[in-house]
Amino acid sequence: MKLRFTIVGFGSVGQGVAEVLERKKDELEKMGFDFEVVGIADSSSSFIDENGVNLVEAIKRKRETGTVGKEEITAIEMIKEIPHDIMIEVTPTNVESGEPGLSHILTAFENGRHVVTSNKGPLALHFRKLVSLAKEKGLHFRYEACVGGAMPVINLTKELLAGNEIKGIVGIFNGTCNYILTRMASEQLPYEHVLSEAQELGIAEMDPSYDVEGIDTALKLTILANTIFDLNISFKDVNRKGITEINPEALILAQEHGYTIKLVGYVLKNGDKIDIGVSPMLVPLGHPLSVGGTLNAAAIYTDLASEITITGKGAGSLETASAILSDLISIARSLRVEK
Amino acid sequence: MIRISMDLELKDVPGQLVSVLRPISEKGGNIVSVVHHRDKKTPTGAIPVQITFEIEEKKVKEVLKELEAHGIRIVRAGEDRLRETTSVILVGHVVHTDIRDTIDAIDKTGFAEVIDLSLKMPGVEKPSAAFMTISATSEEGLRKALQILREISERKNLLLIEPVRWL
Ligand SMILES: NC(=O)c1ccc[n+]([C@@H]2O[C@H](COP(=O)([O-])OP(=O)(O)OC[C@H]3O[C@@H](n4cnc5c(N)ncnc54)[C@H](OP(=O)(O)O)[C@@H]3O)[C@@H](O)[C@H]2O)c1
């Protein structure tokens with residue numbers, strides 16, 4: 001089966017997707033899929049080839065010149081005009097307006113393209129609108145990479161645990177915070193010190209507020225809660241506390257009493273009520289959620305399967321591309337059946 | 001039903017434990033736990049044993065009488081009022097914002113108490129941290145105590161780190 005893609009946004013994740021598609025070409029062929037990228041756009045250029053973009057060349061050009069192509073056609077024009085099946089939206093997350101991702105996704109749906117995205121902004125602000133539009137148009141819309149990076153938390157809950165009633169999910173969804181808290185605990189160093197260290201290592205952004213104030217975790221939790229409990233909350237509705245006030249003394253006390261402190265996101269069904277929030281919490285040492293370093297983890301509570309915990313890398317170019325690839329293959333499989 | 005915990009001293013001979021447990025179960029009591037402290041033998045060679053059981057309140061006296069009749073030495077017996085326990089950490093100016101008042105707010109509820117507190121104070125002007133263990137008579141009481149702590153933390157500008165929520 002032949003499917004044509006466009007990639008909108010060609011940074012860490014976009015290039016990871018291109019690399020993975022190139023690397024997995026033979027395996028995909030064995031599965032009976034012929035995936036072809038017909039257009040790539042970044043913020044100022046695009047690279048279009050209706051016979052298939054040379055991905056190796058595209059990555060090379062982006063790395064050498066900073067732009068992916070010579071064409072002036074914008075992402076929106078590309079989504080509208082270049083015939084393709086699936087648009088892969090991987091532009092930066094914007095928590096204020098959701099743009100440019102929101103317009104990209106809406107345009108794709110209006111033009112009959114399925115969408116796979118890792119961009120949290122549009123989904124954390126306008127979940128219902130996007131999901132309903134996709135449904136109305138009979139299009140697939142998948143976003144596994146938005147929550148937990150390589151950790152397949154959405155597809156695990158929605159598909160593999162099908163038939164189970166999901167009672168709640170409690171997890172660690174931000175690798176930057178987890179790294180900072182793990183280092184503070186093991187080295188007994190102050191927050192500011194470990195933050196600078198994480199910035200030097202490229203684990204934390206120069207403006208870390210998005211991570212350390214729990215915004216990123218709240219975005220992911222919102223998307224997860226909306227997906228699993230069929231809600232329409234905005235991330236602004238989520239109570240949130242970050243990790244900036246935690247001192248080494250708190251971590252030492254926790255450790256002395258058999259706990260560690262983690263930035264936890266939780267969404268629990270409590271009768272008709274949904275209990276949702278982001279906050280530093282005490283996690284017993286040795287509990288499956290007490291993972292270290294930049295790892296993410298999620299414990300899923302169900303009525304039949306009881307508790308299932310997964311852990312994995314929450315970010316990274318190839319790790320995120322892994323989630324995107326699995327979404328692409330899922331869509332391809334359904335399209336093959338629908339045909 | 002109330003929960004009773006007792007410290008007994010039993011002679012180190014066979015059948016001693018049975019003579020304690022039988023009267024309890026005969027009166028409709030439910031044994032929750034039995035712990036032998038063989039390593040802490042008394043000078044007379046008796047073994048300290050801790051027993052916890054649940055029973056109707058009006059049967060307690062009968063049980064105690066029966067045990068005494070069997071010549072069993074009861075060191076202590078009392079209602080185990082505080083059954084539910086949880087711990088939290090407070091971060092910020094915990095002491096300067098009147099820690100006594102924070103503890104009192106819990107203790108004066110009548111259903112919850114602060115049973116343990118450890119403090120770490122890095123320096124005079126720096127935020128400190130307190131690990132606090134609270135016990136309550138029921139789960140509901142514990143929830144209410146946590147809610148009181150949440151309100152106090154908000155008012156005193158402290159960061160409250162609660163135990164992770166499970167199902
Ligand atoms: N990195 C991860 O590990 C990870 C994990 C999970 C989810 N995510 C999410 O995935 C998305 C992409 O992340 P990333 O790390 O790849 O970001 P990135 O490295 O900053 O790349 C973003 C790309 O989007 C392009 N872009 C910006 N505005 C555009 C526009 N109007 N039209 C077309 N392209 C535009 C940028 O173009 P220029 O190159 O021209 O600047 C850049 O190529 C984000 O939403 C992020 O939150 C990332």
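The values are calculated or read from the model by the stated rules, or taken from the named source; none is laboratory data. From a predicted model like this one, the values you see are computed outputs, not experimental measurements. Here Cβ is always computed from backbone atoms with ideal geometry, including for glycine, and neighbour counts include all displayed protein chains. Keep in mind that these areas ignore ligands, DNA and RNA; they rest on the heavy atoms of the full protein, side chains included. Shrake-Rupley method; radii C 1.70, N 1.55, O 1.52, S 1.80 Å.
Side notes on the structure shown:
- When residues of the stretch B:1-35 are limited to those that are free of Cβ contacts under 8 Å to residues at least 60 places away in the same chain and over 18 Å from B:H70 (Cβ atoms), the one most open to solvent (accessible area, probe 1.4 Å): B:M1
- Residue within the stretch A:311-330 that is over 23 Å from A:P92 (Cα atoms), open to solvent by 20 Å² or more (accessible area, probe 1.4 Å), within 14 Å of chain B (Cβ to nearest Cβ) and small (G, A, S) present: no
- Here the strands (runs of 3 or more DSSP E) wholly within the stretch B:30-136 that include at least 3 residues being more than 24 Å from A:V283 (Cα to Cα) are B:30-36, B:47-55, B:73-79.
- Subset of the stretch A:123-170 (residues that are in a loop (DSSP other than H, G, I, E, B), of a type in the set (G, A, S) and open to solvent by less than 10 Å² (accessible area, probe 1.4 Å)): A:G148, A:G149
- Residue pairs whose Cβ atoms lie under 7 Å apart, separated by 6 or more positions or on different chains, with the first residue in the stretch A:103-122 and over 18 Å from A:T74 (Cα atoms) and charged (D, E, K, R) and the second surrounded by fewer than 24 Cβ atoms within 10 Å (Cβ to Cβ) and at pLDDT 95 or above, are A:K120/A:T93; A:K120/A:I223.
- Within the stretch B:127-156, the set of residues being touching a residue at least 40 places away in the same chain (Cβ under 8 Å), crowded, with 20+ Cβ neighbours inside 10 Å and within 14 Å of chain A (Cβ to nearest Cβ) comprises B:A129, B:A130, B:F131, B:M132, B:I134, B:L149, B:S153.
- Taking the conditions (1) more than 8 Å from the ligand (Cβ to nearest atom); (2) assigned to a loop (DSSP other than H, G, I, E, B); (3) open to solvent by less than 30 Å² (accessible area, probe 1.4 Å); (4) not β-branched (V, I, T) in turn, A:L102 satisfies each one other than (2).
- One residue from B:V88, B:V49, B:V95, B:V114 being farther than 30 Å from A:S279 by Cβ and not polar (S, T, N, Q): B:V49
- Among residues of the stretch A:74-88 being open to solvent by 40 Å² or more (accessible area, probe 1.4 Å) and within 13 Å of the ligand (Cβ to nearest atom), the one that is farthest from the other protein chains (Cβ to nearest Cβ) is A:E77.
- Members of the stretch A:248-268 that are facing another protein chain (nearest Cβ under 9 Å) and touching a helix residue (DSSP H, G or I) at 6+ places or on another chain (Cβ under 7 Å): A:P248, A:L251, A:I261, A:K262
- Residues within the stretch A:243-257 that are surrounded by 19 or more Cβ atoms within 10 Å (Cβ to Cβ) and either of a type in the set (A, V, I, L, M, F, W, C) or touching a Leu at 6+ places or on another chain (Cβ under 8 Å) (or both), tallied: 7
The rows are residues; the columns are (1) open to solvent by 60 Å² or more (accessible area, probe 1.4 Å); (2) within 12 Å of the ligand (Cβ to nearest atom); (3) in the same structural domain as A:A218 (by TED's automatic domain parsing).
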| site | (1), (2), (3) |
| --- | --- |
| A:V20 | no, no, no |
| A:K25 | yes, no, no |
| A:M31 | yes, no, no |
| A:E50 | yes, no, no |
| A:R61 | no, yes, no |
| A:E64 | yes, no, no |
| A:E72 | yes, no, no |
| A:V90 | no, yes, no |
| A:V95 | no, yes, no |
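- Scope the stretch A:269-288; condition touching a Ser or Thr at 6+ places or on another chain (Cβ under 7 Å), more than 10 Å from chain B (Cβ to nearest Cβ) and without any contact (Cβ under 8 Å) to a residue 60 or more places away in the chain; matching residues: A:L285, A:P288
- Exactly one residue out of B:K108, B:K65, B:K120 is open to solvent by 30 Å² or more (accessible area, probe 1.4 Å) and within 14 Å of chain A (Cβ to nearest Cβ), and it is B:K120.
- Scanning the stretch A:114-122 for any residue that is more than 14 Å from chain B (Cβ to nearest Cβ), open to solvent by 50 Å² or more (accessible area, probe 1.4 Å) and either within 11 Å of the ligand (Cβ to nearest atom) or not polar (S, T, N, Q) (or both) turns up nothing.
- The single residue among A:T260, A:T227 that is assigned to a strand (DSSP E or B), among the β-branched types (V, I, T) and open to solvent by less than 30 Å² (accessible area, probe 1.4 Å) turns out to be A:T260.
- Summed over the stretch A:180-190, residues that are out of contact with any Gly (no Cβ under 6 Å at 6 or more places or on another chain), open to solvent by 20 Å² or more (accessible area, probe 1.4 Å) and part of a helix (DSSP H, G or I) total 3.
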